[in-house]
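Notes for the one structure printed next.
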Amino acid sequence: MKSYEEIIQRTADFDYMMRTRLPEKYMPEVFGVTAGEDPDLWQLLHNASRNGIGITYLLFKIPYDRHKQLIKYLSRS
């Protein structure tokens, strides 16, 4: 299990990645889908990266199954 600090750091890293990379570049790595396979998720990621709130916006907006995938990504080694 990761420590609290490690999860916070990984979350900050993901937030930075959202703001600096296009969603189609990291969607397969984080969510296991491409932009063409889930255009709604792409739109949410795009909005989250452009609205200034970032990961906070995303955590409130993404569907439950994608939320679980994001949590798995943030907590894995």
Compute the distribution of all C-alpha to C-alpha distances in the chain, in bins of 5 Å from 0, and list the percent of pairs in each, rounded to whole numbers. 3, 17, 29, 29, 16, 6, 1
Any lysines whose Cα falls less than 21 Å from that of residue 61, other than same-chain ones fewer than 8 residues away, would be 25, 72
Short version: ³J(HN,Hα) in whole Hz for each residue of segment 5-14, in order, from phi by Karplus 6.51 cos²θ - 1.76 cosθ + 1.60 (θ = phi - 60°), x for Gly and Pro, what are they? 4, 5, 5, 4, 5, 5, 5, 5, 4, 5
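Computed from the coordinates by the stated procedures, all read-outs in this text should not be read as laboratory data. What you are looking at is a predicted structure, and each value in this text was computed from that prediction instead of being measured.
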